[in-house]
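Structure first, commentary second.
The values are calculated or read from the model by the stated rules, or taken from the named source; none is laboratory data. As the structure is a prediction and not an experimental result, all values here were calculated from the model. For neighbour counting, all protein chains shown are included, and Cβ atoms are generated from backbone atoms with ideal geometry for every residue, glycine included. Side chains are part of the model used for accessible areas, which takes the heavy atoms of the whole protein and leaves out ligands, DNA and RNA. Shrake-Rupley method; radii C 1.70, N 1.55, O 1.52, S 1.80 Å.
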Amino acid sequence: MIYSRIIGTGRYLPENIVTNADLEKLVDTSDEWIRSRTGIERRHIALEGQGTTDLCEHAARNALEAAGVGPEEIDLIVVGTTTPDQVFPNVGVLLQSRLGMHGCPAFSVEAACTGFLYALSVADKFIQSGSARTALVVGGETISRITDWTDRTTAVLFGDGAGAVVLRADSAPGLVSTHLHADGQYKDLLYFPTGVSLGMQPVGGANSIQMKGNEVFKVAVNTLGRIVDETLLANGLQKKDIDWLIPHQANIRIIQATAKKLELPMERVILTVQDHGNTSAASVPMALDVAVRDGRIKSGDLLLLEAFGGGFTWGSALVRW
Ligand code: COA
């Protein structure tokens, strides 16, 4: 049996930081409101001309360096993103070119905030089937580009960034299991209204991220609770077997609800939302990288990664480190 194992992680946040105090000058909001409702303190916004591929390239190079793997060893690239630089080539191909690579399959998957877990699961299947041996999996977003910065209900929530992992075939897990879901009946609760086939329009006003925050919150909490149960059940595990929860970083209150469901103290949850807000597909690999690099995650630990996003889409991955 072939499994995949994460052998290196990386992340990148653009240099430009926008604090809650900065947002107070733009819209009718307050640091206190944002912190108490979301846990967010600041977000990083890509500079003009800085695209999703730029952020992904930084994160990918960090992950390759951590893994001690050269680009020539990569035989698959999968990127989770909903904010590509161009319609095509896809971000995977643009990233491949930046890394000086030629020929291996490279593509992106679009699943909003669950994009990285979709990408990870796809790459895992390639490795399990023997179609790839060493894969670069990235979640990267410039969500700021589809946000209306005059709309206080969304502007305070989002930010840009990228996270990456290198996966390698191994005789033992590694990735123990992945679980993916989607349900389009919720398509009107969180969405961006226009696109290519129905006509592209400038971003702003009604043509920006639209969200029914309260309803998203309730479905997210319930759905993430269910996927925790599903992941444990599929592997015959108990809640106490999980060492670390590495959640999608959208909102501290959603994260606290999932930790409660797992009966995990917050000390066992990797929390980065305060530093960058909701970076969509980038948030799970960035949080993983933070905890790997600061030494909290140790060899043999069992990690539960989970995410929830527009669609709705949601997913989890159980990882033996
Ligand atoms: N600053 C100050 N006030 C704000 C505000 C802001 N940035 N945004 C909204 N408000 C106001 C609203 O206008 C409303 O005012 P009103 O009572 O006078 O009408 C009040 O705050 C309460 O709004 P409400 O939307 O009910 O707040 P909430 O407690 O539900 O918190 C969210 C809003 C968005 C923080 C919360 O619903 C949430 O976290 N939802 C999930 C969002 C998410 O994670 N999405 C991504 C999933 S991947």
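Beta carbons within 10 angstrom, averaged per residue: use that to sort the peptides 159-167, 2-10, 233-241, 261-269, highest first.
159-167, 2-10, 261-269, 233-241
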- Task: Could you calculate, for the stretch 32-72, the ratio of the Cα radius of gyration to the Kirkwood radius, expressed as Rg to Rh?
- Result: 1.22
- If you count, for each residue, the other Cβ atoms within 10 Å and average over each peptide, how do 301-310, 201-210 line up from highest to lowest? 301-310, 201-210
- Expected field for Tyr186, accessible surface area in Å² at 1.4 Å probe radius, rounded to 10, holds 60 Å²
- Working note, the stretch 47-103: Cα radius of gyration (Å, one decimal) and Dmax (Å, whole number) are 11.3, 33
- Item | Potential extension, Lys240-Ser177 segment - 0.36 nm per residue separation minus Cα distance | 20.9 nm
- Query: Can you give the extra length, in nm with one decimal, that the chain gains between Arg133 and Ile17 once fully stretched, where that is 0.36 nm per residue apart less the Cα-Cα distance?
  - Reply: 38.0 nm
- How far is the Cα center of the stretch 1-38 from the Cα center of the stretch 155-193, in Å? 16 Å
- Based on the alpha-carbon gyration tensor of the stretch 266-321 and its eigenvalue square roots a ≥ b ≥ c, which shape applies: rounded if a/c is under 1.5, prolate if not and a/b is larger than b/c, or oblate? oblate
- Query: Using the Cα atoms of the stretch 179-221 to build a convex hull, what is its mean projected area in square nanometres?
  - Reply: 4.2 nm²
- Task: Order the peptides 22-31, 70-79, 45-54 from the highest to the lowest mean number of other Cβ atoms within 10 Å of their residues.
- Result: 70-79, 45-54, 22-31
- Task: Can you figure out the FRET efficiency of Glu73 with Leu302, using R₀ = 22 Å and their beta-carbon distance, to the nearest 0.05?
- Result: 0.20
- Task: Determine the shape class of the chain: with a ≥ b ≥ c the square roots of the Cα gyration tensor eigenvalues, call it rounded for a/c under 1.5, and otherwise prolate if a/b is greater than b/c, oblate otherwise.
- Result: oblate
- Cα-Cα over 19 Å, subset of Lys125/Lys187; Lys218/Lys261; Lys125/Lys239: Lys125/Lys187; Lys125/Lys239
- Query: Around Gly8, which amide H atoms from residues at least 5 apart in sequence, or from another chain, sit under 5 Å from its own amide H, with H modelled in the peptide plane?
  - Reply: Val166
- Counting only protein heavy atoms with a 1.4 Å probe and every protein chain in place, the carbon and sulfur fraction of the accessible surface of the chain in whole percent equals 52 percent
- Query: Short version: ³J(HN,Hα) in whole Hz for each residue of the stretch 94-101, in order, from phi by Karplus 6.51 cos²θ - 1.76 cosθ + 1.60 (θ = phi - 60°), x for Gly and Pro, what are they?
  - Reply: 4, 5, 4, 5, 4, 8, x, 9
- Counting only DSSP beta bridges with both partners in the chain, the antiparallel fraction in percent, to the nearest 5, comes to 70 percent
- Item | Computed FRET value (nearest 0.05) for Glu267 with Val196, which takes r as the C-beta separation and R₀ as 45 Å | 0.50
- Spin-label pair Arg37/Phe107, simplified geometry with 7 Å Cα→Cβ offset, distance in nm: 3.9 nm
- Query: Just how large is the dipole of the chain about the Cα centre, in debye to the nearest 20, putting +1 at every Lys and Arg Cβ and -1 at every Asp and Glu Cβ?
  - Reply: 680 debye
